Structures are given as structure tokens and as C-alpha cells.
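K.L.:
Structure provided below as C-alpha cells; questions to follow.
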Amino acid sequence: MTLTPSALDAQRFFDSSILALVWLDARSAHKRLGPTADAQWRAFAGGSVLNEADRLVLALRDAAVAFPSVFSGRTVFGLSGSTDDEPLGPELFAPFKGQSAKAFRGTIEAPSDAVSLVDALASRWGVALDLAVDAPSLGPTSRVVVAGTSALRALTARFAQQPELDAASQWLVVADAPAARHIAACAAMALGARSAPKIVASSRCLDARATLVANGFERVDRVLLSKDATEAERAACEALSSAGGAKRS
């Protein structure tokens, strides 16, 4: 699935990625923001023509080495022409005016936890969340198929309460919209997942059993849907549920 980013979605991607970068920087020894990083940039850029927009792209590319699904457009938009460490790709635009300043002026406060990060990202993507959605208690071997940004938030809250759980191995996210794909990737990062969560488009679930096998799911224990999941995403989840013998939440 390849989505052609609109100018608005490109802007939202950069705004959300900046927030994720601020969140990561607050918890990492490797600083891409702040006084030390500022000094390193001045030494690197010197009297060159490089500007703050170039610095932002380089910072995102650097972060994409560890978290490609968060900081590159490849997963978010399914960009066929981009690599894992390239936040732009030929389909995306450069950062918009003022976005670089947001990143490097220290005006963005890092969210306090994974759920707060999801809430802030949803706001940046223009997504309304249903805070009443809840996720059931799960075990470390549970395999969950999830669709809908509100369901993703509920699952993030559940996993935050149970640190023994691992989003990378336990989530199969069915998401067609770039907002849901990006939020899922950022949530997994915030929950401490060592690799990206499994994210599939609804169109990739025509052979549900093959989709499960390809993503390392021998079974499905739970399906978590929220009302903001699309009809196509719901249909894909139903097929995955039937193929994996799941309980629906």
C-alpha cells in the first residue's frame, strides 16, 4: 500500500515526528536536541549553506536508524521510493516553515508517558479519540489484532500497566490511514519495544491465514476494535479473527 501524502499529511507527519523526537531525546543518552547537540551542529555546519531544516532532516534520519517505523515515511505512507532511514522519500516535502524552530528552540515539552504521547500525536494528526475504549487484561503470550486509533490508545494504556508485555511481538495493527500507522509505531517505541510493531493495510489481509503466518502469529487471542476503525479495517480484522480463532473485545 502506497499513500500519496498531501501537503497537510506531510506537515502532520513532521509535527508528529518532532514530538516523537523530543520524547526520545528526553529519555536517551544520545542527544539530537539541546545545548550539546546545538554545539555539535554549529561545528558540523560551520559556514556551509546547511540550515535548520537540513538539521531536522538529519536528526530524523539519525533517529530512524533505531526507529524506522517512527521517523521515516516508509511505514507511515508505504513509500516505495524511500529507505528505512529516509524520512522524506520522493513523495514527501521538506519540513514546513517554522517546524525546525519548534524542534530546536526547546518550546515543546516531552509527554510524560506513552499514553500522553499517543494523545498528543492524535492531536497533531487531527484525530479525535474515544477515551472510553478499554483493553482487556493480557498475558505475555497474548496475540492481539487491533484497529482504530482509540483502540490503539486503549492497548497502549494496557501495555503501560503491564510492563512484561511487548508491543512488537504481540500487536498486529490493521491500519490504512497514515495517522494510525504513525501513532502505532510511536506507541510501541514509547512502551519500550525493541523493534517495530507489525502494521498491515486492510488490503493485505485478503488471505488472512497467510497474513498471520507472515507476521509470526500462529493464533489470535484477542481482536480489539474501536468505532474509528474503517469498514475495510473491520472486515480485515474479522477475517484475521476467524483465521486465528480469536475472542473479540
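K.L.:
I need the full set of residues from the range 134-149 which are among the small types (G, A, S) and buried (at least 24 other Cβ atoms within 10 Å of the Cβ), in order please.
P.N.:
A147, G148
K.L.:
Is one or more of the residues making up the range 22-32 modelled with pLDDT of 85 or more, assigned to a helix (DSSP H, G or I), under 30 Å from L206 (Cβ atoms) and of a type outside the set (S, T, Y)?
P.N.:
Taking every residue of the range 22-32 in turn, none turns out to be modelled with pLDDT of 85 or more, assigned to a helix (DSSP H, G or I), under 30 Å from L206 (Cβ atoms) and of a type outside the set (S, T, Y).
K.L.:
Another question about this same structure. Which count do you get for residues in the range 7-62 that are over 21 Å from S116 (Cβ atoms) and either in contact with a strand residue (DSSP E or B) (Cβ under 8 Å, 6 or more places away or on another chain) or of a type in the set (S, T, Y) (or both)?
P.N.:
Here the count works out to 2.
K.L.:
Report, by residue number, each residue of the range 144-193 that is in a loop (DSSP other than H, G, I, E, B) and touching a strand residue (DSSP E or B) at 6+ places or on another chain (Cβ under 7 Å).
P.N.:
Matches in the range 144-193: G148, A175.
K.L.:
Follow-up. Return yes or no: is A157 under 29 Å from L60 (Cβ atoms) and small (G, A, S)?
P.N.:
Against the criterion (under 29 Å from L60 (Cβ atoms) and small (G, A, S)), A157 qualifies.
K.L.:
Okay, moving on. How many residues does the range 168-201 contain that are more than 12 Å from the chain's Cα centre (by Cα), over 15 Å from P68 (Cβ atoms) and without any contact (Cβ under 8 Å) to a residue 40 or more places away in the chain?
P.N.:
Residues flagged as more than 12 Å from the chain's Cα centre (by Cα), over 15 Å from P68 (Cβ atoms) and without any contact (Cβ under 8 Å) to a residue 40 or more places away in the chain within the range 168-201 amount to 4.
K.L.:
Return a yes/no flag: does the range 235-244 have any residue that is touching a residue at least 12 places away in the same chain (Cβ under 8 Å), in contact with a Phe, Trp or Tyr (Cβ under 9 Å, 6 or more places away or on another chain) and closer than 23 Å to F159 by Cα.
P.N.:
Yes: the range 235-244 contains one or more residues that are touching a residue at least 12 places away in the same chain (Cβ under 8 Å), in contact with a Phe, Trp or Tyr (Cβ under 9 Å, 6 or more places away or on another chain) and closer than 23 Å to F159 by Cα.
K.L.:
Can I ask one more? Exactly one of these conditions fails for A168: (1) at pLDDT 95 or above; (2) crowded, with 23+ Cβ neighbours inside 10 Å. Give me its number.
P.N.:
(2) is the only condition that A168 fails.
K.L.:
Quick test for you: out of T230, T211, pick the one residue that is farther than 26 Å from P111 by Cα, of a type in the set (S, T, N, Q) and touching a Cys at 6+ places or on another chain (Cβ under 7 Å).
P.N.:
On inspection, the qualifying residue turns out to be T211.
K.L.:
OK, next. Here is a list: F44, F14. Which entry is of a type in the set (F, W, Y), surrounded by 14 or more Cβ atoms within 10 Å (Cβ to Cβ) and either in the same structural domain as R181 (by TED's automatic domain parsing) or modelled with pLDDT under 90 (or both)?
P.N.:
F14
K.L.:
Which of the residues spanning the range 214-227 are touching a Cys at 6+ places or on another chain (Cβ under 6 Å) and part of a helix (DSSP H, G or I)?
P.N.:
none
K.L.:
Go through the range 27-54 and report how many residues are closer than 24 Å to G192 by Cβ and polar (S, T, N, Q).
P.N.:
1
K.L.:
Tell me the helices (runs of 4 or more DSSP H) entirely within the range 69-130 that contain at least 1 residues that are surrounded by 15 or more Cβ atoms within 10 Å (Cβ to Cβ), in contact with a Leu (Cβ under 6 Å, 6 or more places away or on another chain) and modelled with pLDDT under 75.
P.N.:
It comes to 99-104.
The values are calculated or read from the model by the stated rules, or taken from the named source; none is laboratory data. This is a predicted model, so every value here is computed, not measured. Using ideal geometry, Cβ is built from the backbone for each residue, glycine included, and neighbour counts are taken over all protein chains shown.
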